[in-house]
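Student: I have a structure here, written as C-alpha cells, and I will follow up with some questions on it.
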Amino acid sequence: QVEEELQEQEFLDRCFQEMLEEEDQDWFIPSRDLPQGMGQLQQQLNGLSVGDGHTSEDILSKSNLNPDAKEFVPGVKY
C-alpha cells in the first residue's frame, strides 16, 4: 500500500510539473520570446521621457483655448 501511494505521488508530481511547463509556454516572456534586438529597443524606450522641457505654465500662457468653455463629453450634444 505504501508503495502504491509513493507511485501515485510520483505520478501526481509529474502531472503537476507538466502542467507548469505548459503554462510557462503560454506566458509571454520578452527575454525569451522577442528577437535579440528588441532588448536594445526596450532600453531606448525606457530612456525616453514625456515632454520637451516646457513647463505647464508655458503651455497655458500660449494656449488659445477658452478656459470658460464647457467640458467636452463624447456623445453629448449641447
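Student: Measure off 7 Å from each Cα along the Cα-to-Cβ vector at Gln17 and Asp33, then give the distance between these two points in nanometres to one decimal.
Tutor: Calculated label separation equals 2.5 nm.
Student: While we're here: Quick check: residue separation of Leu48 and Gln25 times 0.36 nm, minus the Cα distance between them. What number comes out in nm?
Tutor: Going from the current span to full extension adds 5.2 nm.
None of the figures in this text is laboratory data; all of them are computed from the coordinates on show. Since the model is a prediction, treat every value here as computed from it, not as a measurement. Ideal geometry is used to build each Cβ from the backbone, glycine not excepted, and the neighbour counts take in all protein chains shown.
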